[in-house]
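One structure is given below, encoded as structure tokens.
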Amino acid sequence: MSILQSVKNLVRSKSIHVAYVDVGSCNGCDIEVLACLSPRYDIEQYGIYVHNNPREADILLVIGAYTPGWEEKLHTLWEKIPDPKVAIAVGNCPISGCLFNRPHTLVDPPVSKHIPIAAEVPGCPPRPTEILAAVLSVAPLVFKDYEVAKR
Amino acid sequence: MKRTVDVSVPIGPIHPCFKEPARVKCETKGEFVISAEVELGYMKKGIERIMRGRPWQEVMFLAERVCGICSVIHNMVFIEALEQMSTIAVPERAALLRVIVNELDRMQSHILANFSYCYTIEHETLAMYLLDVREHVMDELERITGARVTCAYIVPGGVRFDLRSEDVLHLRANLAVIEEEVTRYMHMFEGGPLIALRSREIGVLSRGAALEAHAVGPTARASGMPETDRRIHHPTYKKLGFSPVSRTEGDNYARIMVRFQEVLESISIIRKCLDTLPEGPIRGGGIPGAGEIAYSGEAPRGELSYFIKTDAAGRVVDISIQTPSIMNIEACCHYMLKGVSSLADVPSTFVSADPCIACTER
Amino acid sequence: MAFPIIPYIQEVTRLEWLRKFFFVKTAPLLTPPYFRGFPELTGKTCTHALFCMMACPAPGAIDVIRTPGGWQPRIHMGHCIRCGLCVEACPNGVLTSGRILESMFYDNTRLSFSFRIDVNTDLCMGCGNCAVACPVNKLIDAQMSHGGRASTDELLLKVSEGKCHVLHVEKCTGCKTCENHCPNEAIRVSRLLEAVHGQEEEV
Amino acid sequence: MKIEDVVCPFCGCLCDDLVVEVEGTRVVSVENGCTLASEKFMGDHRLKSPIRRAGKRWEETSYNEAIRETAEILCDADRPLLYGWSGTHGEAQSIGIHLAELLGALVDNTSTVCHGPSIMAIQEVGHPGCTLGQVKNRADVIVYWGTNPIDAHPRHMSRYTTFADGFFLKEAFRDRKVIVVDVRKTESANIADEFVKIQPGGDYAVLSALRAIVMGKRGIIPLSVSGVSREQLFRVAALLLSAKFGAIFFGLGLTMSPGKYKNIRNAIELTEELNRHTKYTISPMRGHWNVYGSNEVFTWISGYPYAVDFARGIAFYNPGETTSVDVLRRKECDACLVVASDPGAHFPKACAEHLAQIPTIQIDPHTNATTHLSRIQIPVAVTGIDAEGTAYRMDGVPIRTRMLFKGNYPSDTEILERLYALVKEAKGL
């Protein structure tokens, strides 16, 4: 491993763009993701910028239990994110469907059926600190040795 | 009549300003919006379908998850409907505690709505200030109920946790901080000339239009309809005595200001509750039985109605929920967005009506 | 309005703002003690009363399993919604979450339960999935869990005449295992939960 | 009188733990049995005595008369067909084979319209099977392919697979994973961990895709295979490979859909492929309670499991030529003896029409669709209720069924023995 590569790893892990997509949640997790932006939690102090634009994102926060309306669309969205990329499932809904996963429901959880999920944050909803911790733990892995892996 | 449409601009479903997926399709002529249409269907989970045949204590949690932002009012309306149906009495203390939690929830919802608006008009400083003060409200909510968002606080015949005396001190101290901060931010919003440029006389909803569109909640009250506040019919609120706020401008600015004023009003309601909080039990017991009822309450976004039918074992046989956002979205796209002079104002006008897509689609 | 910059200068020169700007540190992101987290074990002995499974509103969030050290509730992350009802429901205080146990003690509150099991005989195929999976049946008759051979009438659920029959409803703990594993949705457990202010001693 | 450990003579599960209460010659209650078992025991619509067609109506006749007439019809026929055998016990089946040899008849059992293709596939590539006891004690991944056990074998899941605690699985239904593959969402799919919905006729492609994934050729899988997405196939394959011991059960959804025995062959080859990584077994879900037994009895006497033709004096087996549906469709046979089955309800229309034209004799306790096609029906005792005999469970385990009470009906064995004696006499042997 060259020194240049490890410097790149370090620097890139301090600059992460996050997009979030709500595929049918109750909004509870959305507002907890928003709360991460607040000065109390201040996700930007870690170099993580929440910009809801998939085309410049590195990490996709998936919220919600995958409703039929997102059939095809979520996959398209995932394709639009440039490599390297990871998705984090925030809340119970993308992990198991939470309360909505019952007979006669319309949702089709888990989201890992549809796009690859790198990390999961359980909780209904998770605390902002938990979301923060998940993003921070995944952040160094997104770009790690990108050039090597690409080769 | 031939309409000249330059371009049809879709906004969403993934948009930096929208918290939730919705698609606003605007037909424009130049920058001028001729007509707008909202396309939904990204969040449909079929909650009412799941609720049928389930016992009330599972439906209670599902009801909370109709909307995560205003979860307490969903909980409250569902449980109070059951109580009305089975004539379950609520202890005085529990009734006041419910009001406290409900008002805290309303405060955080309104502050969040105003944050979204400020964020949309790119006044990020004020937005972050508001998000910071919202954390104080969330702290209080968490201190009382133990959870930040879906609190599961209200159960038939009472509430789940008592308010301790040391918590009352915390609450009063924090309310003072919140009041001071919110007042300051309200004045900033009121006096900011650049904010006024982006807000005043944009997305005007006249009283007549609000009546036609059946607008509810702050959206209607900003158009001069104070009587839309369902809280004036609620027995506990009646006892506490409060007056609904209203403004007459009907533009984006008025809607945000109404929310600021309602936050302050909520603070005074909570103070009244704390002053008159009697000692006593917080749970009266009682099991919901068979019955059928329509019941409504005032959610942060407007009137929320539940129609419930249960069987003798307390299972929900039939349920339908009417949430406020659907009326406000209607008012927004058919009255407010029509005539918006710049495409840049479309997201901010949409956000100013505080549409909750999760509520609307369920 | 004439000097739109003035409110901003006022804001920036506020004493508290300056103090915050220069001296404030990022608050440590601690989880407050009153937060209802995932239920944790207190170390008290679980008696397999299964009230936690009864109270749980989320599908598949909690089950009680036999471990070498006795019965033990197991919380499934990703299913648990942290409502804390299992903590309140447990008669032995096996689980804890946030301040719930504490406030139950201070507020003198508790939950009381009753159950009703209904079998829709039009839908029931008599497959016996419910009777075999039922943890109460397993305790009463170990043979039952190995293929559904009922050798006693003391069981809670039993298949006879080709339909599932509820023999001893009083033994039900309301854990919903039967309801969750019925392919035809023929069996329904209704749990009548009552939140009461407990004067009487806990049984 | 309460009788314990009664064997249920309905489906291939042969549950042997029923408790039946008998009063005189009536069953009054059935415990532990499913709806199907209960109806089988409690059902009370038996024919009172043998009947024969007289013009446009039925007339009652005696057993002697009916058997004599049957023997005459069979002896007169050039190419008689002896069909059925799945609902009766092994002893009667054995006499049936000998009768066929004596008559130079074609003898076939119901697997010709259900698991015949499975047997052909097994003859080609072998059968990596095991007993249901092994499945119960070891299997941690269960696959139901093209079968709906909740409707057809209600106690299969609770007695042998998903819910029954085994020796190595203490918390069975929590530790076991269930995969259901079907063309529609069945009741069984409601309790499956993974439900794979395939387009009708897509079994072969899906099986091939799974084989490719298990072999490590993930790259060649297209986005969707017969309506199953690539991601789901990967997930199912991972689930299959995660097993310590897996069991695949397949039903008529696999045998009787386009592809026929090639489907089963592919499924068995998938099992073989999986066996390179872990332990897997595959078993058919047999329908009639003793259809497995009829295959066994036919095989040990004639050498072939079904569709055995004795027309040339020796046993001849060629599915497609000697199977009853083909013979009937070609209007070859001129007399038919139906024992303990209901071809009238399950055969193609052309075959049923031909059955109605030729003299058909039915030996069955109840009237059914075949009654309307036949000349004579001889009611018999129901094996497992008022007659005893040996039957084979769907995994090939022989189980002796019991006689619960002494009824007024002769058993299949008695009727067939008398018939055999008469035929022997007529043939002058």
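No lab work stands behind these numbers, since they all come straight from the coordinates. Note that the coordinates shown come from a computational prediction; the quantities given were computed from them, not determined experimentally. We place every Cβ from the backbone using ideal geometry, glycine too, and count neighbours over all the protein chains shown.
Brief remarks follow.
- Normalising the Debye intensity of chain A to I(0), with uniform scatterers on Cα atoms only, and taking log10 at q = 0.13, 0.14, 0.17, 0.20 Å⁻¹ returns -0.57, -0.65, -0.93, -1.21.
- Among D:Ile198, B:Ile69, a tally of other beta-carbon atoms within 10 Å of each Cβ gives an order, fewest to most, of D:Ile198, B:Ile69.
- Alpha-carbon Rg with Dmax, taken over region D:295-415, Å: 15.9, 44
- Given in Å, the Rg to one decimal and the Dmax to the nearest whole number for the Cα atoms of chain B are 20.5, 70.
- Pairwise centroid distance, computed over Cα atoms, of region B:113-171 with region B:295-362, Å: 21 Å
- A convex hull fitted around the alpha carbon atoms of region D:262-361 yields 139 Å³ per residue.
- Note on B:Lys45: lysines with a C-alpha under 25 Å away, same-chain residues under 8 apart excluded, are A:Lys73, A:Lys113, B:Lys19, B:Lys25, B:Lys309, C:Lys176, D:Lys185, D:Lys197.
- Put simply, the amide H of D:Val339, placed in the peptide plane, has neighbours under 5 Å in D:Tyr83, D:Gly84, D:Trp85, D:Ile363, leaving out anything fewer than 5 places away on its chain.
- Debye log10 I(q)/I(0) at q = 0.26 Å⁻¹ for region C:30-108, Cα point scatterers: -1.33
- Volume per residue of the convex hull around the Cα atoms, evaluated for region C:85-144, comes out as 127 Å³.
- Among the residues of D:169-180, the average count of other protein chain beta-carbon atoms within 10 Å of the residue beta-carbon is 2.
- Chain D: relative contact order as a whole-number percent, Cα under 8 Å and 6+ apart: 24 percent
- Between region D:99-136 and region C:60-123, the alpha-carbon center distance in angstrom: 51 Å
- Region C:133-203-region D:373-419 distance, computed between alpha-carbon centres (Å): 38 Å
- 3J(HN,Hα) couplings calculated from phi for region A:64-71 with the Karplus curve 6.51 cos²θ - 1.76 cosθ + 1.60 (θ = phi - 60°) are, in sequence order, x, 9, 6, 8, x, x, 9, 3 Hz; Gly and Pro show x.
- Binned Cα-Cα distances of region D:116-284, short to long, each 10 Å bin given as a whole percent: 11, 42, 39, 8, 0
- Taking every DSSP bridge with both residues inside the protein assembly as shown, close to 60 percent are antiparallel.
- Rounded tilt (10° steps) of B:124-145 against the dominant C-alpha axis of chain B: 10 degrees
- Anisotropy class of region B:1-159 from Cα gyration tensor, a/c 1.5 cut: oblate
- The angle between the Cα long axis of helix B:252-276 and the main principal axis of chain B comes to about 10°, on a 0 to 90 degree scale.
- Considering all C-alpha pairs of region C:6-68, those separated by over 17 Å amount to 68%.
- Cut-off 16 Å, label 7 Å out along Cα→Cβ of C:Leu30, residues of region C:93-135 by amide N: C:98-99
- Take each residue in B:306-315, count the other chain C-beta atoms within 10 Å of its C-beta, and the mean is 2.
- As a proxy for reagent exposure, C:Cys127, C:Cys164 were ordered by neighbouring Cβ count within 10 angstrom, fewest first; the result is C:Cys164, C:Cys127.
- For D:Lys56, a cut-off of 17 angstrom between C-alpha atoms picks up no lysines at all, skipping any fewer than 8 places away in its own chain.
- Rg over Rh, two decimals, the protein assembly as shown (C-alpha only, Kirkwood Rh): 1.07
- Rg/Rg_ref, region B:203-362, where Rg_ref = 2.2 N^0.38 Å and atoms are Cα: 1.21
- An ellipsoid equivalent to region D:208-337, defined through the eigenvalues of its Cα gyration tensor, has semi-axes of 38, 17, 12 Å when rounded to whole angstrom and sorted largest first.
- Counting all C-alpha pairs of chain D, share separated by more than 28 Å (%): 51 percent
- Under the span-like rule (Cα at least 30 Å along the axis, Kyte-Doolittle mean at least 1.6), DSSP H helices of chain D: none
- Straight-distance crosslink candidates among lysines, where the alpha carbon sits under 18 Å from B:Lys272 and sequence neighbours closer than 8 are dropped: B:Lys238, B:Lys239
- The helix-only estimate of mean residue ellipticity at 222 nm for chain B, built from DSSP H runs of length n ≥ 4 each weighted as -39500 (n - 2.57), is -15500 deg cm²/dmol after division by the residue total.
- Helix-only [θ]222 nm of chain D, DSSP H runs n ≥ 4, -39500 (n - 2.57) each, per residue, nearest 500: -10500 deg cm²/dmol
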